[in-house]
Structures are given as structure tokens and as C-alpha cells.
Amino acid sequence: MSHGVQKIQQFEHPGEGRKRAKSTPKGRQIDPQALEEIEALLGERPRRRDLLIEHLHLIQDKYHQISAAHLAALADAMRLSFAEVFETATFYAHFDIVKEGEPDLAPLTIRVCDSLTCAMLGAEKLLSELKASAGPGVRVVRAPCVGRCDTAPVAEVGHHFVDHASVDSVLKAVKGGDTHAHLPDYVDYASYVANGGYALLGQLRSGTMPKEDLLKALDDASLRGLGGAGFPAGRKWRAVLGEPGPRLMAINGDEGEPGTFKDRYYLETDPHRFIEGMLIGAHVVDATDVYIYLRDEYPASRAILEREIAKLPAGGPVLHMRRGAGAYICGEESALLESIEGKRGLPRHKPPYPFQVGLFGLPTLINNIETLFWVRDIVEKGADWWKSQGRNERQGLRSYSVSGRVKNPGMKLAPAGVTVRELIDEFCGGMADGHTFRAYLPGGASGGILPAAMDDIPLDFGTLEKYGCFIGSAAVVILSDKDRVKDAALNLMRFFEDESCGQCTPCRVGTQKAATLMQQPGWNRSLLDELSQVMRDASICGLGQAASNPLTSVIKYFPEEFAPKEAAE
């Protein structure tokens with residue numbers, strides 16, 4: 001399969017009998033030094049269109065910014081138009097574009113997470129104080145969720161994360177030049193193999209275990225996609241296998257939902273369990289290539305994967321690492337495919353669906369990291385083992401990312417169907433000292449907000465929808481009597497406003513208008529209800545469709561906070 005960039009042929013059409021004018025250079029001129037620097041950076045790397053974002057990362061990492069001259073030189077080196085390169089680079093938040101005539105950026109950037117849990121625990125104060133004290137040569141900016149909600153507030157110095165950040169701890173990292181990712185202890189290849197790792201994959205590849213037996217185990221266990229959508233995994237694999245080859249596989253590691261960090265936990269503790277599940281899936285659907293798309297906020301996870309994948313024996317599909325660049329929308333499966341192809345992460349219209357026409361136009365299996373993590377255990381221990389783990393008449397295990405006002409936040413592996421009260425008391429050591437349980441987000445930023453009085457609902461697929469909420473990726477954020485639910489909803493709406501890809505009007509304009517209306521002391525309920533309905537009904541993808549869930553939850557369950565102001569007034 002060739003992913004080569006098709007060259008556009010240019011033809012001249014001089015008028016008959018006319019004397020041609022002397023040619024003069026047109027369009028953007030390429031700076032020779034910039035072109036030399038780009039060619040040196042790219043080296044022997046292919047100049048394929050789908051590698052555009054990877055090449056932009058090379059520039060960003062080297063120069064801590066991307067100048068207009070470098071953009072033009074990269075476009076020339078890749079035989080792309082400047083407009084193509086510019087629109088892609090400016091779509092992603094982690095590419096710092098410096099336009100012509102603008103001064104260079106500071107060589108070091110501190111990003112302070114301002115998403116909900118970090119905001120609750122002092123991010124705004126931290127951001128303000130760092131801007132006042134960081135000094136020359138350092139740029140301080142706000143950032144959306146970085147996937148470390150259990151250690152909030154968090155600041156990123158270069159690519160090093162400072163957990164439970166304070167001004168002193170962040171400036172200490174700056175002074176010490178501590179700007180690189182720290183790798184935690186994890187189960188490496190040798191240890192994983194010593195404990196039976198890759199035996200199941202070997203059985204499949206040798207034919208000892210038929211593919212149908214493995215698919216039946218997934219079906220019997222009712223394993224569902226654990227990235228948020230909850231689609232049955234076995235059914236998805238069969239659907240892809242039913243399409244004519246060649247086929248591809250894409251891994252959705254763009255865990256950008258505020259409150260979610262479970263995938264990072266698994267990658268940084270037991271990465272080969274995920275890798276084996278991935279290779280099993282690729283084998284079952286006969287995928288020739290696997291593209292692992294991992295969010296840029298997970299540099300340690302990326303380093304671990306690169307190190308451990310290099311240890312795998314030869315054979316199997318070709319594995320490609322792809323690095324996100326700060327775009328929450330790329331967690332949507334079709335936007336993820338566009339990003340892997342080196343484009344802006346704009347969701348595609350469906351149908352066709354990715355299992356039919358996916359990456360590079362081929363049938364593509366897309367799975368979340370945690371979904372694949374459980375494949376080995378389910379097959380080896382049996383579907384009955386998995387199904388016996390639930391609580392409150394639910395089945396299986398769930399990885400709950402718990403943050404906020406609890407004593408011991410973190411990734412909690414618990415029975416599917418556990419209630420939030422059970423989660424707080426049994427798995428988190430209770431509420432944080434001095435805090436009384438007030439409200440909770442059962443499914444991250446887009447999953448809605450419920451009052452503490454509704455603490456007996458099983459947290460699982462299909463149990464929350466009738467309340468206007470959903471479990472999603474099981475990101476549970478706990479609010480206390482010290483928090484205003486209205487402020488939490490506004491924080492979430494601002495996140496959606498910033499992260500909207502802008503492709504469709506209901507989401508692009510709707511999130512902006514909603515955030516503006518929500519800042520008013522009195523909320524215009526009728527207008528907000530109408531706006532929410534339009535966003536749900538007319539947005540292209542799940543971002544716009546679910547963005548109003550926190551807003552409508554406040555109106556429904558916390559009327560004492562939104563102080564309604566009717567349109568008639």
C-alpha cells in the first residue's frame with residue numbers, strides 16, 4: 001500500500017501569437033536558510049502527506065516555535081501548498097506559530113491546566129502568580145486538561161509535569177532545567193513475557209486458537225468500547241473483518257476528556273498488556289498496519305511505547321506512532337483518522353463509517369487503549385470471570401478516573417455499576433477533610449452533573465441516560481459544598497468553546513453563545529434551553545451534541561444556583 005503524496009502537475013497555457021512577458025517570481029519565496037534547516041531536520045524521513053503533523057512536531061521541538069519561514073520551507077520540501085501546511089499547523093494548539101514580523105517566542109513555555117479539577121484546586125491563582133514571577137525567557141499560558149486530574153493543580157514545564165504544583169515547585173523545575181518527561185516504573189517486555197505475556201498472541205498466530213474462539217470470548221463477556229461510546233468490541237471486530245481487505249487498525253489514545261486519565265495509567269504501568277491486545281486485534285482483522293495515535297500531553301507514555309515496541313520480535317503488522325498536537329476533537333474517531341492522515345482534525349460525515357471507509361480510505365478497526373488492555377485477561381480467565389465482577393446487577397470491571405474533593409483521588413479499578421457513594425467511601429477514603437459531598441460528574445466534562453442526593457445510581461453504560469447524563473469514559477469528578485456548580489458548568493462550556501473544531505455552526509457558535517449567556521448573573525433559561533436543543537440536534541459530532549449536558553444539568557438539578565432570568569424580562 002502506498003501512502004505517497006500525489007504531485008500536482010502544472011501546465012502553462014500561453015496565448016497563441018502572444019509574446020510572453022519576462023517571468024518574475026510569484027507567490028511566497030522560500031528562505032534558503034530556513035529550507036536548509038528543514039531539510040536537515042527531516043533528514044531521510046519520507047515526505048509523505050500523512051507525516052505533516054509529525055514533521056511540524058520536529059520543528060516545534062527543535063525551535064520551540066514554528067516561524068512562517070519554516071512553514072513555507074516545509075511546504076516546499078513536502079511539495080504541498082503553503083495554505084495546506086498553514087491551516088493544519090494553526091489548527092493544533094501545541095504548534096506555536098510565529099507570523100511574519102512578529103517577535104520570537106520565549107524559549108521555554110509553562111502550561112498551567114485550567115480545566116475543572118485544576119480550577120477547583122487553585123489553577124487561576126497559580127497561573128496569575130507564575131505570570132508575575134516567571135521572569136524573562138519564560139512564557140506562561142493556560143492549557144486545557146492534561147490528563148493528571150488526580151494530582152491537581154498541574155503545570156507543564158517544557159515536557160515535564162509538576163504535580164500538585166505551586167509557584168515554588170514550578171520555578172524550581174525551571175531553574176533546574178527539568179523540562180523532560182519522567183518515566184515511571186512499569187512492567188517491561190522481559191517481565192511481561194516471564195508472566196505469560198504474548199502466549200495468547202502466539203496461539204492465535206500459530207492457529208492453535210481459532211479467531212472465532214477469541215471473538216466468541218469477547219462476545220460472551222460483552223466487552224464494550226471503553227473510550228466512551230460503549231460499542232460491543234466483538235461486533236466491531238467482526239464488522240471490520242467482513243469488509244474486503246486490505247484493512248488497517250487505529251488506536252485512539254487521545255484521552256482528552258477533562259477528568260479522564262485511565263489510559264495514561266495503564267500505559268505507564270503495564271503497557272504490554274495493551275500492546276498484546278492491540279496485536280491480537282490486528283491479527284483477527286488481518287490489519288497490515290497499526291497507527292497508534294497518542295495525545296501530545298502524554299510524553300512519558302509515548303517514550304515507554306517507543307522503547308517497548310522496539311523490543312518486540314520481528315513479524316506482525318507494521319506499527320506507526322502518531323503524536324497528537326493539542327486538539328480534544330481528535331478523540332472523535334473520524335477526526336482522529338483525519339489527524340493521522342496529516343490534516344486538520346475535522347470530524348467526517350457518516351455514513352460511511354470507519355469500519356467501511358476509514359484511514360486512507362480503507363476499512364479500519366478503531367479501538368481505545370483500555371478496551372484492548374482487557375482482551376488478554378478476558379480470553380485467558382474466561383467470560384464468566386469478567387461478568388462476575390459487577391455490582392448492582394451490572395457486569396465487568398470499570399476503570400474510574402476519580403478526582404476532585406476526595407481524600408485519595410486516582411484511577412480506581414472497581415466493579416461496573418458501583419455507585420458514586422460507594423466509590424467515594426470504599427475506594428477513595430471518603431471526602432477530603434473539611435468538605436461535604438455536593439455534586440458529581442459521572443462521565444467527565446460532557447457527561448452532565450448530578451446532585452449528591454442522587455448518589456445511588458449504578459455508574460455504568462445505560463444507567464444514567466434517563467437523568468440527562470452518561471458514563472462515557474468513567475471520569476468521575478467530585479464537587480463539595482465549597483464549589484459552585486454553576487461555575488463548574490461554565491468552566492466546562494469554555495472548554496468546549498475552545499475545543500470546538502469550528503466545522504459546524506451549531507457547535508462553533510452555540511458553545512460561544514452559551515458561555516457568554518452563562519456568565520450573566522441571571523440565566524435566560526428559555527434561550528439556553530433552545531440553544532442547547534439546537535446544539536444537540538444539529539451538531540456534526542459528539543462534542544457539540546453533548547456540550548450542553550452540564551448546562552442543562554444545572555438548570556434541572558441546581559435551580560438555586562442559576563437564578564433564572566426569563567426572556568420576557
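The numbers here are math on the coordinates, done by the rules we state, and not lab data. Just so it is clear, the model here is predicted, and its values are computed rather than measured. Positions of Cβ are generated from backbone atoms using ideal geometry, with glycine treated the same way; all protein chains shown enter the neighbour counts.
Observations on the model:
- Lys, Arg +1 and Asp, Glu -1 on Cβ, resulting dipole of the range 286-368 about Cα centre, debye, nearest 20: 140
- Cα gyration tensor category, rounded, prolate or oblate, for the range 227-312 with a/c compared to 1.5: oblate
- For the range 111-120, 3J(HN,Hα) per residue [Karplus equation, 6.51 cos²θ - 1.76 cosθ + 1.60, θ = phi - 60°, Hz, x = Gly/Pro]: 9, 10, 5, 10, 6, 3, 5, 5, 4, 4
- Directionally averaged shadow of the range 236-279, computed from the convex hull of its alpha-carbon atoms, nm²: 4.0
- Formal net charge of residues neighbouring Gly196 (Cβ-Cβ distance under 12 Å; K, R +1; D, E -1): 0
- Cysteine residues of the chain whose Cβ has no partner cysteine Cβ closer than 4.7 Å: Cys145, Cys149, Cys330, Cys428, Cys469, Cys501, Cys504, Cys507, Cys541.
- Near the amide H of Leu365, within less than 5 Å, lie the amide hydrogens of Leu248, Met249, Ala250, all on another chain or at least 5 residues away, with H placed in the peptide plane.
- The magnitude of the dipole of the chain, with charges of +1 and -1 set on the Cβ of Lys/Arg and Asp/Glu and taken from the Cα centre, is near 1080 debye.
- Shape class for the range 167-302, computed from the alpha carbon gyration tensor (a ≥ b ≥ c): prolate, with a/c not under 1.5 and a/b above b/c.
- In terms of its C-alpha gyration tensor, the range 375-467 has a prolate overall shape, because the principal axis ratio a/c (a ≥ b ≥ c, square roots of the eigenvalues) is not below 1.5 and a/b outweighs b/c.
- Based on Cα contacts under 8 Å between residues 6+ apart, the range 399-536 shows a relative contact order of 21 percent.
- Ordering Phe373, Leu279, Gly342 by the projection of their Cα atoms onto the charge dipole of the range 269-424, which places +1 on the Cβ of Lys and Arg and -1 on the Cβ of Asp and Glu, puts Phe373 at the extreme positive end.
- Think of the range 376-531 as having a plus end and a minus end, set by charges on the Cβ of Lys, Arg, Asp and Glu; of Pro451, Val476, Leu528, Leu528 sits farthest toward the positive end of this dipole.
- Listed residue (Thr552, Phe360, Leu105) projecting farthest to the positive dipole end of the chain, Cβ model: Phe360
- Semi-axis lengths, Å, the range 200-260, gyration tensor of Cα atoms, sqrt of 5 times eigenvalues: 24, 15, 13
- For Phe161, the residues whose amide H sits under 5 Å from its own are His182, ignoring neighbours fewer than 5 places away on the same chain, with H placed 1.01 Å from N.
- When the pairs Lys381/Lys412; Lys381/Lys407; Lys262/Lys387; Lys62/Lys343 are compared against a 29 Å limit on Cα-Cα distance, Lys381/Lys407 fall above it.
- For Lys99, a cut-off of 20 angstrom between C-alpha atoms picks up these aspartates and glutamates, skipping any fewer than 8 places away in its own chain: Asp31, Glu36, Glu37, Asp61, Asp76, Glu84, Glu87.
- The H on the amide N of Gly225, modeled in the peptide plane, is under 5 Å from the matching H of Gly230, Phe231, Ala233, each at least 5 residues off or on a different chain.
- The modelled label-to-label distance between Glu84 and Thr288, using points 7 Å beyond Cα along the C-beta direction, is 2.2 nm.
- A Cβ-based charge dipole, computed about the Cα centre of the range 253-298 with Lys and Arg at +1 and Asp and Glu at -1, lands at about 140 debye.
- Quotient of C-alpha Rg and 2.2 N^0.38 Å, computed over the range 329-375: 1.15
- Take the Kirkwood radius over Cα pairs of the range 102-157, plug it into Stokes-Einstein at 37 °C and 0.692 mPa s, and you get 286 µm²/s for translational diffusion.
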